[in-house]
Amino acid sequence: MASVEGNGGNRTLERVAAILDAVGASAVSASELAPRTGLSVSTAHRMALSMAAYGFLTRDADRGSRMGERFVRSALVNAAAPVLADLRQATGETAQLWVRRGDERVCVLSLDSPHELRATLPVGSSLPLPAGSSGRILAGDQAALADVARQGWVESVGVRTPGLGPVSAPVVLDGASAATVCVAVPLARVQSTPGLDYGRQTVAAARRIAEAMASRNR
């Protein structure tokens, strides 16, 4: 593409746009960004670091860059919306999608149960990690990860909120837990345990979302 190193009032925006055009689902290094954008390696590296700080890019362990959480989250919510609607319909309970943001988890999608007695939390609500079943997964709690490896889900029985029994499963993207699906159930309606009652459907929903995200990146 044409060089974006020249002067101009929109030079920074042009550089950002060029980098976003060059970055896809696979990580791209600064040395790879340079020829794709017309930027110098040092400028591409500096811009990538700045864009990562604002969530436009994500920096991988090998120092490559890929689309950041601002874009992934929007696509994630779009992919999750019909899946969570089906999950709420199948279980009759509140279905939520959580992502990690720093030392907290944030609810980015929540579909409330139709029951009068229900768990409810507005979109945008945040809770400290590792509180709750979703929090333990997103925090990388070893016992929670062992539960996921063994059965696919993690449950919490009245631990964070008395009377509530959530069960959560990870949405795995590129080998990491990018989000969690949570079914939040009042313990008064639990027949066995939250996990035994709703774990299978929660895991299936998380996998559907991951598959939908993978198909978008092909």
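Take LEU76 and decide whether it is part of a helix (DSSP H, G or I) and at pLDDT 95 or above.
So LEU76 fails the test.
Return yes or no: is ASP197 of a type in the set (Asp, Glu), assigned by TED's automatic domain parsing to the domain that holds GLN89 and at pLDDT 95 or above?
Answer is yes for this residue.
Select, from SER125, SER133, SER156, the only residue that is of a type outside the set (Phe, Trp, Tyr), within 17 Å of the chain's Cα centre (by Cα), at pLDDT below 95 and surrounded by 14 or more Cβ atoms within 10 Å (Cβ to Cβ).
None of the other options fit; the residue is SER125.
Specify the residue that is surrounded by the most Cβ atoms within 10 Å (Cβ to Cβ); the eligible residues are those in the stretch 182-208 that are among the β-branched types (Val, Ile, Thr) and in contact (Cβ under 8 Å) with a residue 40 or more places away in the chain.
Residue satisfying both the conditions and the ranking: VAL183.
Have a look at PRO166, PRO170 and point out the one that is within 27 Å of ALA53 (Cβ to Cβ), crowded, with 16+ Cβ neighbours inside 10 Å and modelled with pLDDT of 95 or more. It would help to see each step written out before you state the result.
Numbers: PRO166 fails: within 27 Å of ALA53 (Cβ to Cβ).
Only one candidate passes the filter, namely PRO170.
The values are calculated or read from the model by the stated rules, or taken from the named source; none is laboratory data. Only a predicted model underlies this, so the values are computations on that prediction, with no experimental measurement involved. Because the Cβ atoms are built from the backbone with ideal geometry, glycine has one as well, and the counts that use them run over all protein chains shown.
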